[in-house]
Amino acid sequence: MPLPSTARLPPLVSRHVAVIGAGAGGLVAARELRREGHQVVVFEKGDQVGGTWVYTPKVESDPLGLDPNRAVVVSSLYKSLRTNLPRECMGFRDFPFVTRDGKDRDPRRFPGHWEVLMYLQDFATEFGITELVRFETEVVSVGLAEGGKWKVKSKSRDRIGADEIYDAVVVSNGHFTEPRIADIPGINSWPGKQMHSHNYRIPAPFRDQVVILIGSAASAVDISRDIARVAKEVHIAIRSVEDSTLGKHPSYDNMWLHSMIESVHDDGRVIFQDGSTVNADVILHCTGYKYHFPFLETDGALSVDDNCVGPLYEHVFPPALAPGLSFIGLPWKVLPFPMFELQSKWIAGVLSYRIALPSKEEMMEKVKAFYSSLEASGIPKRYTHNMAITQFDYNNWVAAQCSCPSFEEWKKQMYLVTAKNRVVRPETYRDEWEDDDFILQAQEDFKKFTT
Ligand code: FAD
């Protein structure tokens, strides 16, 4: 029987659900689905849980990540990465990301990447999720089957499995793997090397090189500083930069800030829009990622257009295919794990009929109104899933759908204070802060779950 999306709620129902990916999103989805009484299979193409947080020194054969036939490496972590969010804000609500004793544990407030992986491993063990995961099994196609069900085909060690039928599919395959590249006039005849931050791991290959780095997001900031330790020169090209900050970086003797690249030339020159010119060895694109669902077959009911995945009701349900198909973790500039948890609870409750969705027509109307509001505000399509300050209203809205407590106020304030601290102390915000009062509130809150 197809799953209705209307407001009339039949008795609670247990569904057979496929979850794609065992990163933070897939793990918490599996927990919430199972808590709701559904039967869950998690497909994971890697050999362990953790997704992005499974660091590997391996990089892809195509440093720009454009070759569709390359062997894809999932994680984009660099070796020196520490979280850019305080651990109090990162955890799931009833499994706080507190410090734990043990070999290799990192007690810092902004820990190294391995500590996040260990937290996710602890979570998977604590809630018995690992046994739901089919490791080294990649989903290669997902499409509608008879009666509103879903056909999932997967591949394990190069063997394509038979079609399996599920009542619903939850997509949580991450969106930090498929690089977006800057368009640079003249790039085809530029003789230097290019790569994307997805394939950056350590600074050593940049020793004595002149490096141009494009971008201003968290990884661009970290990587420019990492590379400046060994490179001859680091030049950062930023789309919106204030004139007053152009030129040499006050804290480094080998780092300069520029406006965007205007053109590059076959003699190695890179010309910036501010008129400056540099002869560079490498251009490193820290220009973000694309949403990518190579396995989805929806006959046009869902598409990715300029990094907008749509149409989607509240970034989760495609109206025409809801609730059988849903997405976790599409919004960015957010506190990811807490949002994944709320979206998971919503999906789990909708699938059991505990929570009603509006009709397909009503959902579509809402989506259209949302798109119109973005357009009216001049927000480009590629920012459709960019939330920043709006994440808190969104989280509270999703929490209300699930009859969950609203988002913790201390968490919101800690996020906002950290964002400011990152600007004021870009070098040291991970070790110097002034929000001890929020830490105390967090610790008080965590006692409900840790004692
Ligand atoms: P992922 O972690 O990417 O997991 C997706 C999983 O799906 C992977 O295991 C992948 O193998 C699997 N998969 C994909 N396709 C298939 C398929 N077809 N079949 C089977 N399996 C498949 N967040 C924070 O909270 N704090 C931070 O400090 C922070 N720093 C970050 C730094 C960097 C450089 C990056 C890239 C991200 C950072 N994030 C941070 C965001 C981070 O990505 C999220 O926190 C979160 O881990 C994403 O989880 P996910 O489950 O959505 O995706």
Quiz item: If a residue has to be in a loop (DSSP other than H, G, I, E, B) and among the hydrophobic types (A, V, I, L, M, F, W, C) to count, how many in the range 88-136 make the cut?
Solution: 6
Exercise. Name the one entry in Ala231, Ala182, Ala220 that is aliphatic (A, V, I, L, M), crowded, with 20+ Cβ neighbours inside 10 Å, in contact with a strand residue (DSSP E or B) (Cβ under 7 Å, 6 or more places away or on another chain) and assigned to a loop (DSSP other than H, G, I, E, B).
Key: Ala231
Quiz item: If Lys79 passes every condition in (1) within 14 Å of the ligand (Cβ to nearest atom); (2) farther than 16 Å from His198 by Cβ but one, which one does it miss?
Solution: (2)
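Which of the following residues is away from the ligand (no atom under 16 Å from the Cβ) and more than 24 Å from Ser75 (Cα to Cα): Asp163, Asp167? Don't jump to the end; show me each part of the working.
Numbers: Asp163 fails: away from the ligand (no atom under 16 Å from the Cβ).
On inspection, the qualifying residue turns out to be Asp167.
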Quiz item: What number of residues within the range 32-76 satisfy the criterion of being at pLDDT 95 or above, on the phi > 0 side of the Ramachandran plot and either within 14 Å of the ligand (Cβ to nearest atom) or part of a helix (DSSP H, G or I) (or both)?
Solution: 2
Quiz item: In the range 260-281, which residues are small (Gly, Ala, Ser), out of contact with any Pro (no Cβ under 9 Å at 6 or more places or on another chain) and surrounded by fewer than 18 Cβ atoms within 10 Å (Cβ to Cβ)?
Solution: Gly275, Ser276
Quiz prompt | Residue list for the range 396-409, filter: out of contact with any Cys (no Cβ under 9 Å at 6 or more places or on another chain) and either of a type in the set (Phe, Trp, Tyr) or not in a loop (DSSP other than H, G, I, E, B) (or both) | solution = Asn396, Trp397, Ala399, Ala400, Gln401, Phe407, Glu409
Quiz item: For the range 422-447, how many residues are without any contact (Cβ under 8 Å) to a residue 60 or more places away in the chain, over 14 Å from Glu88 (Cβ atoms) and in a helix (DSSP H, G or I)?
Solution: 2
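Okay, residues lined up against (1) modelled with pLDDT of 95 or more; (2) closer than 18 Å to Ile187 by Cα; (3) within 16 Å of the ligand (Cβ to nearest atom):
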residue	(1), (2), (3)
Ser216	no, no, yes
Ala228	yes, no, no
Ala231	yes, no, no
Ile283	yes, yes, no
His292	yes, no, yes
Leu296	yes, no, yes
Quiz item: Which numbered condition trips up Tyr289, out of (1) surrounded by 19 or more Cβ atoms within 10 Å (Cβ to Cβ); (2) more than 17 Å from His175 (Cβ to Cβ); (3) in contact with a Ser or Thr (Cβ under 7 Å, 6 or more places away or on another chain)?
Solution: (2)
Practice problem: Please specify each residue of the range 293-309 satisfying the condition of being surrounded by 16 or more Cβ atoms within 10 Å (Cβ to Cβ) and at negative phi. | Solution: Phe293, Phe295, Leu296, Leu302, Cys308, Val309
Quiz item: Does Val210 satisfy the condition of being away from the ligand (no atom under 16 Å from the Cβ) and under 24 Å from Leu66 (Cβ atoms)?
Solution: yes
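The values are calculated or read from the model by the stated rules, or taken from the named source; none is laboratory data. In this text the structure is predicted, and so the values were computed from the model without any measurement. Positions of Cβ are generated from backbone atoms using ideal geometry, with glycine treated the same way; all protein chains shown enter the neighbour counts.
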